[in-house]
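S.K.: Encoded as structure tokens, here's the structure I'll be asking about.
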Amino acid sequence: MDLLLVFLGLICMIIGILGSFLPVLPGMPSCWIGLLLLYMTESVENNYWILGITLFLTIIISILAYVIPAKGTKRYGGSSYGIWGTNIGLIVGIFAPIPFGFIIGPFVGAFLGELLYDSQNHKRALRAATGSFIGFLASSFINFMFCIMFFGLFITIVWQNRASLF
């Protein structure tokens, strides 16, 4: 049973790392579930401090993943139309049949949203779309870094308990 839990935890970690760039997959929550599965094994002693701190970080980073792109749009002069465009573009971009649609979608969505708000000011719309893109990249980078740290923690715990796990 321990091997199954470790294997499922590893799968969750991989999904989490991929989810840090692909918004359709849950990045941080998946990594945290991977850690939780590892701690559910009989071979690994429960450490509620690690689980609690990583859960807190997961909640904070997950919230920031949605706030940062919108704040980037706002910081670069975008309106609520641009913020809504960013979110809609992200969803459309995920399902678009083009490569990297999840990156292009928020940019195009913010641009179109700003053009709906003020169709005469293309420069402001482009600036807001750039802010959206920068916010998305920053959010993805933060998610990726924390997912890698969780994965490193996962590997360390497995390594320390390898004799009893395998």
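Laboratory data are not the source of any read-out in this text; all were calculated from the coordinates shown. These numbers were taken from a predicted model, which means no experiment stands behind them. Neighbour counts are summed over all protein chains in view; Cβ atoms, including those assigned to glycine, are modelled from backbone coordinates with ideal geometry.
S.K.: Taking the Cα centre of the range 2-165 as the origin and placing charges on Cβ (Lys, Arg +1; Asp, Glu -1), which of 148, 4, 52 is farthest toward the positive end of the dipole?
M.R.: Among 148, 4, 52, the one farthest towards the positive end of the dipole of the range 2-165 is 148.
S.K.: Find the relative contact order for the chain and round it to a whole percent, using C-alpha pairs within less than 8 Å whose residues are 6+ positions apart.
M.R.: Here the relative contact order equals 26 percent.
S.K.: Still on this model: In what sequence, highest mean first, do 80-92, 139-151 appear when ranked by Cβ atoms within 10 angstrom?
M.R.: 80-92, 139-151
S.K.: Which of the three applies to the range 5-101, rounded, prolate or oblate, going by the alpha-carbon gyration tensor with a ≥ b ≥ c and a/c under 1.5 meaning rounded?
M.R.: It is oblate, given that a/c is not under 1.5 and a/b is not larger than b/c.
S.K.: Next up: What percentages, rounded to whole numbers, describe P(r) for the range 2-165 computed over all alpha carbon pairs with 5 Å bin width beginning at zero?
M.R.: 2, 10, 17, 17, 14, 11, 9, 8, 6, 4, 2, 1, 0, 0
S.K.: Would you work out the relative contact order for the range 57-120, in percent, from Cα pairs under 8 angstrom that are 6 or more residues apart?
M.R.: Worked out over the range 57-120, it gives 31 percent.
S.K.: Using the crude model of +1 on Lys and Arg Cβ and -1 on Asp and Glu Cβ, and no other charge, please compute the dipole size for the chain relative to its Cα centre, in debye to 20.
M.R.: The calculated dipole for the chain is roughly 680 debye.
S.K.: For the chain, modelled as a Gaussian network with Cα springs under 10 Å, which listed residue fluctuates most, 96, 65, 125?
M.R.: Of 96, 65, 125, the Gaussian network model singles out 96 as fluctuating most.
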